[in-house]
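These notes concern the structure reproduced below.
The values are calculated or read from the model by the stated rules, or taken from the named source; none is laboratory data. On a predicted model such as this, the values are computed, not experimentally measured, just so you know. Note that each Cβ is placed from the backbone with ideal geometry, even for glycine, and that neighbours are counted across all protein chains shown. Note: accessible area is taken over every heavy atom of the protein model, side chains too, but ligands, DNA and RNA are not part of it. Shrake-Rupley method; radii C 1.70, N 1.55, O 1.52, S 1.80 Å.
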Amino acid sequence: MEETRIFKGAIVLPDLVLPDGYLVCRNGKIDHVGPGNPWPNLPVQEVEILAPGCVDIHVHGGAGADFMDGTTAAVETVARSHAGHGTTTLFPTTTTGSFDELEAMVTACETVCDNWQPDRGARIAGVHFYGPYFAEDKTGVHAKTGRRDPVRSEYEHFLTRDIVRIATCAAELKGAAEFYRFAAARTSLLTCGHSNACWQEMEAAFRDGVRHVDHFWCAMSSVASLRKRFGTPMRAGMEQFVLANEAMSTEVIADGHHLSDDLLAFAYRMFGPHRLCLVTDANRALDCPPGTYRFGPEASGSLVVSNGETVCGADGSLASSMHGMDRMLRIMAKATGASLPDLFRMASLTPATLTGIAGDVGSLETGKRADILLLSEDLELRDVFVAGQKFRT
């Protein structure tokens, strides 16, 4: 029997806000969006703001679990945790690690994806094959022992799996070009991350299919880092290449700790909502008390410390984030003054478009999956509906 839900409120559409609009979902899909109510005899739930569920393309963990733990229980725990913060679609993201650890993670994600139901939280739309191909000097908190240059037999094994939809590699590594060419034909989004690449290496990567760089300003090349690598004259790197190239997109971690408000505002102004994604980059400390945790696999990941607001590695440097997408939305709104359509484009439609899933999710449009957020005027999350079902944490 089909279940019909009717909501009334300010509906955030891709390019405008529809005041006092009606949204109807039936059988897990959006059936109607507009100014009128086609089902006047059914009950209506009135809310302040209706927005699309968020799409997170860069996320590692939550609620004490990390995707790299490599178990279905860990994957489901993280998916439930992020659904409670407004993410209804996510791309589990690998860290550095051994072949066996990567294999366990991808296999667990495949199992959960194949058996997903809305009451289990955010839906997995694909795996982000992120580690282990990082530059030696840009591993950040990722375990250095699990870092390596691209291994052809290894990445061919993973990139031929249907679930792997995003692939990352540092552009300057030996074998990066071959990685990119192989991945370009098999994934939806090809990225450069944890890299100290110069402009010329980014140009080569672009020719091979790279169209995105991970978490802007974090673990990426800069004029200063390239001077250490090349000496003088000073060189342009990832930051300059992406800013200058309209075909490139990127992402920011708007948790209030990684980037200041002025950097968030700069990114929004320079890239615009069509080229900029909000990501959480969250680790297992999300929804957990202060303490010591593992970033990456529970057995071998780096030790990090949470103070209840942010997470740092042994050297005091930031270690991804410990906040969900609801916080990212509020911080980004405060920093930029972005309109609601722009804000949710960055959190939902732009990542959905970049990864090729915008036909199903990313906006509140007829025929798409009924992933819906109910929010207050100050963007406090009230309720989350996944495929039309109210999600309960």
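Here are the numbers for the structure shown:
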{"item": "Distance from region 4-23 to region 62-124 (C-alpha centre basis), Å", "result": "31 Å"}
{"item": "Within a Gaussian network of the chain (alpha carbon springs, distance under 10 Å), most fluctuating of Val361, Val55, Val305", "result": "Val305"}
{"item": "Surface share of carbon and sulfur [accessible, 1.4 angstrom probe, percent] for the chain", "result": "49 percent"}
{"item": "For peptides 198-207, 28-37, sequence by mean Cβ density within 10 Å, most packed first", "result": "198-207, 28-37"}
{"item": "Sum of side-chain charges, Lys8 neighbourhood, beta-carbon under 13 Å (Lys, Arg +1; Asp, Glu -1)", "result": "-2"}
{"item": "With 10 Å bins from 0: P(r) over region 136-220, alpha-carbon pairs, percent", "result": "18, 53, 28, 1"}
{"item": "In sequence order, calculated HN-Hα J values of region 47-61 (Karplus, 6.51, -1.76, 1.60; Hz; x Gly/Pro)", "result": "9, 7, 10, 10, 9, x, x, 7, 10, 10, 9, 8, 8, 10, x"}
{"item": "Flagged links, alpha-carbon separation over 18 Å, of Lys138/Lys174; Lys334/Lys390; Lys8/Lys334; Lys29/Lys390", "result": "Lys334/Lys390; Lys8/Lys334"}
{"item": "Helix-only CD estimate at 222 nm, as mean residue ellipticity for the chain, using -39500 (n - 2.57) per DSSP H run (n ≥ 4)", "result": "-7500 deg cm²/dmol"}
{"item": "Å² per residue, accessible surface of region 203-290 at 1.4 Å", "result": "41 Å²"}
{"item": "Amide proton proximity set for Ile11, modelled H, under 5 Å, gap of 5+", "result": "Leu18, Asp20, Gly21, Leu50"}
{"item": "Gaussian network model of the chain, springs between alpha carbon atoms under 10 Å - residue of Glu251, Glu110, Glu309 with greatest fluctuation", "result": "Glu309"}
{"item": "In order through region 9-18: 3J(HN,Hα) via Karplus (6.51 cos²θ - 1.76 cosθ + 1.60), integer Hz, x for Gly, Pro", "result": "x, 6, 9, 7, 9, x, 10, 6, 10, 8"}
{"item": "Between region 319-351 and region 140-165, the Cα center-to-center distance that results, in Å", "result": "29 Å"}
{"item": "Sum of side-chain charges, Ala184 neighbourhood, beta-carbon under 12 Å (Lys, Arg +1; Asp, Glu -1)", "result": "+2"}
{"item": "At R0 = 25 Å, FRET efficiency that the Cβ-Cβ distance of Gln389 and Thr72 yields, to 0.05", "result": "0.75"}
{"item": "Net +/- balance of residues flanking Asp262 in space, Cβ distance below 14 Å, scoring K and R +1, D and E -1", "result": "+1"}
{"item": "Probe 1.4 Å, accessible area per residue of region 145-193, Å²", "result": "40 Å²"}
{"item": "19 Å tail of the calculated P(r), region 1-160, as % of Cα pairs", "result": "62 percent"}
{"item": "Long-range HN-HN contacts of Ala282 with modeled amide H, under 5 Å", "result": "His60, Gly61, Ser321"}
{"item": "Calculated from backbone phi, Karplus (6.51, -1.76, 1.60) coupling profile of region 273-287 in Hz, x at Gly/Pro", "result": "x, 7, 10, 10, 10, 8, 10, 8, 6, 6, 10, 5, 6, 4, 6"}
{"item": "Candidates Leu364, Leu303, Leu373, ranked by Gaussian network fluctuation over the chain, Cα under 10 Å, top entry", "result": "Leu303"}
{"item": "Sorted peptide list for 113-119, 88-94, 285-291, criterion being average Cβ within 10 angstrom, highest first", "result": "88-94, 285-291, 113-119"}
{"item": "Mean accessible surface per residue for region 311-387, computed with a 1.4 Å probe while every protein chain stays in place, in Å²", "result": "32 Å²"}
{"item": "Long-range amide H partners of Thr95 with built H, under 5 Å", "result": "Gly131"}
{"item": "Charged-residue dipole, Cβ positions (Lys, Arg, Asp, Glu), the chain about Cα centre, Debye nearest 20", "result": "500 debye"}
{"item": "Square roots of 5 times each gyration tensor eigenvalue, C-alpha, the chain, largest first, Å", "result": "34, 22, 20"}
